[in-house]
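Undergrad: Pasting in a structure now, in structure tokens, and then I'll have a few things to ask.
The numbers here are math on the coordinates, done by the rules we state, and not lab data. Please read these numbers as outputs of a predicted model, since none were measured by experiment. Using ideal geometry, Cβ is built from the backbone for each residue, glycine included, and neighbour counts are taken over all protein chains shown.
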Amino acid sequence: MALGVVGASVCLLVFLAILSLDIMGFLSWKNQFPVDGKTVLLTGGSQGMGRGLGKLLAQKGANVIIVARDVKKLQAAVEYISAAAKSQTQRFHYIAADVTSEAENIRLLEEATTWNNGQTPEIVWANAGAAKPGLFLETPLETMRRQMDINYWAAVYLAHTTLKNWLYPSDASAHSTTIQAPRHFIITSSSVAWCNIAGYGTYGPAKAALRSISDSLRSELNLYNGARRSTATTTKPAPYDVKIHAVYPGSILSPGLELENQSKHPVTHELEASDPHQTEDEVAAAAIKGLERGDYMIATNWLGQLMRVSGMQGSPRDSLLWDTVGQCITSIAWLFIGPDMEGKVWNWGKKNGMPAAPKS
């Protein structure tokens, strides 16, 4: 009898564990990111990864609004994206804006909301970014400030205005008692956020800051999502949860990569020599696949996955098994990878000598 009690207890614990994992989404195979019929606002959408995302979202039935500065590129991109539409009822739009400005982010979201029949888009993707690599001492401080503006502040400005509109909506329909699908705010960071190297001191810190703000927002939104289920709240909440995701691509074969290669130091090229490269369609497919799984931190290639699990710290786990085992494996691998990367930079200096003195 005692053995039977023990056996039943073990079975119950296993069942509860599986049930808990399923409730948390770890064992769910349901699409966690359905976009058919929804509106997606996408910054940095005129080329590269953004254009690839717009095309794939159109194929999946989304209405797509892309944002960038160059009107001609936006017009060409909208034509390219809309040609991939799943149905004739889908709508496409572009907004020319400088996303490094707080006021411009407020304006573009207002325009997107008006275009979307007075409702804030259900999915907002802060994808705009640009790299200007180079040795730290050779890079003007003003360039570093601009890198922070486009790669960090642009996403923060958009998150600030979007989340306020989602969590405290002004339109009456958003206060419906009918539970609606979650809203998704997505931030495109970079795999360099996990491991920065020589030559990316101007770019990597901004992308690492995006990882940090993503963790903070994901944690903070639990407060609002929990309050939606409370009977004690005096402010009527919106009838949906809000989810945060962060995407960490590596090298993307795009005009942006061609531009950054112009200022990239030879030692950075050497460190990245064996890194995988993805087309805009490949990186878009990997990002969307991760979102459909319900993942929070999405690396788009195998190298990014290894970098992700090796530097997760206190970030939420997408896969309990892979992320735990992967951390153990990569912690050992870094005993060899780290010295090898350090040695490459040291040997480059030994072989080529002192770089020219930076201009004052």
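Undergrad: Using the Cα centre of the stretch 136-249 as the reference point, and only Cβ charges (+1 on K/R, -1 on D/E), how large is the resulting charge dipole? Debye, rounded to the nearest 20.
TA: 340 debye
Undergrad: Report the trypsin sites (Lys or Arg not before Pro) located in the stretch 189-264 that are in a DSSP loop and have at most 10 other Cβ atoms inside 10 Å of their Cβ, or state none.
TA: Details: sites: Lys207, Arg211, Arg218, Arg228, Arg229, Lys243, Lys264; in loops: Arg228, Arg229, Lys264.
Taking the stretch 189-264 and a limit of 10 other Cβ atoms within 10 Å, the loop trypsin sites (Lys or Arg not before Pro) found are Arg229.
Undergrad: Determine the alpha carbon to alpha carbon distance for each of Lys164/Lys207; Lys38/Lys73; Lys38/Lys72; Lys72/Lys164 and list only those over 28 Å.
TA: The pairs that break the limit, which is 28 Å between Cα atoms, are Lys72/Lys164.
Undergrad: Test of the criteria: in the stretch 321-360, which trypsin sites (Lys or Arg not before Pro) are in a DSSP loop and have at most 14 other Cβ atoms within 10 angstrom of their Cβ?
TA: Those that pass, being in a loop and sparsely packed, are Lys359.
Undergrad: Calculate how large, on average over all directions, the projected area of the Cα convex hull of the stretch 216-264 is; give the answer in nm² to one decimal. Walk me through the numbers before you get to the answer.
TA: On the way: hull surface 23.3 nm².
Mean projected area of the Cα convex hull: 5.8 nm².
Undergrad: Right, another one. For Lys86, give me every one of the aspartates and glutamates with a C-alpha distance below 12 angstrom, ignoring sequence neighbours fewer than eight places off in its own chain.
TA: Asp36
Undergrad: Moving on to the next point. Which Cα, out of Ser46, Ala227, Val67, lies furthest along the positive dipole direction of the chain (beta carbon charges, K/R +1, D/E -1)?
TA: Of the options given, the answer is Ala227.
Undergrad: Under a straight-distance cross-link criterion of Cα-Cα below 29 Å, which lysines are reachable from Lys351, leaving out those fewer than 8 residues away in the same chain?
TA: Within the straight-line cut-off, Lys351 pairs with Lys132, Lys264, Lys359.
Undergrad: So what is the orientation-averaged projected area of the stretch 177-239, using the convex hull of its C-alpha atoms, in nm²?
TA: If you wrap the Cα atoms of the stretch 177-239 in a convex hull and average its projections, you get 5.5 nm².
Undergrad: Let me ask something additional. Obtain the radius of gyration and the Kirkwood radius of the stretch 19-129 from its C-alpha atoms and give Rg over Rh.
TA: Expressed as Rg/Rh, it is 1.04.
Undergrad: Choose one answer from Ala206, Ala154, Ala76: the residue with the largest mean-square fluctuation in a GNM of the chain with alpha-carbon springs under 10 Å.
TA: Residue with maximal mean-square fluctuation among Ala206, Ala154, Ala76: Ala76.
Undergrad: Below 8 Å, C-alpha to C-alpha, sequence gap of six or more: please give me the relative contact order for the chain in percent.
TA: Reported as a whole number, the value is 17 percent.
Undergrad: Please give the calculated 222 nm ellipticity per residue for the chain, where each DSSP H segment of at least 4 residues contributes -39500 (n - 2.57) and the sum is spread over every residue; nearest 500 deg cm²/dmol?
TA: On the way: 12 runs with 175 residues, N = 360.
Value at 222 nm, helices only: -16000 deg cm²/dmol.
Undergrad: Using a/c under 1.5 as the rounded threshold, could you call the chain rounded, prolate or oblate? The axes a ≥ b ≥ c are square roots of the C-alpha gyration tensor eigenvalues, and prolate needs a/b larger than b/c, oblate otherwise.
TA: oblate
Undergrad: Cross-link partners among aspartates and glutamates for Lys243, C-alpha distance below 14 Å, same-chain residues fewer than 8 apart left out?
TA: Answer for Lys243, where 14 Å is the Cα cut-off: Glu122, Asp215, Glu220, Glu292, Asp295, Asp318, listed by chain and number.
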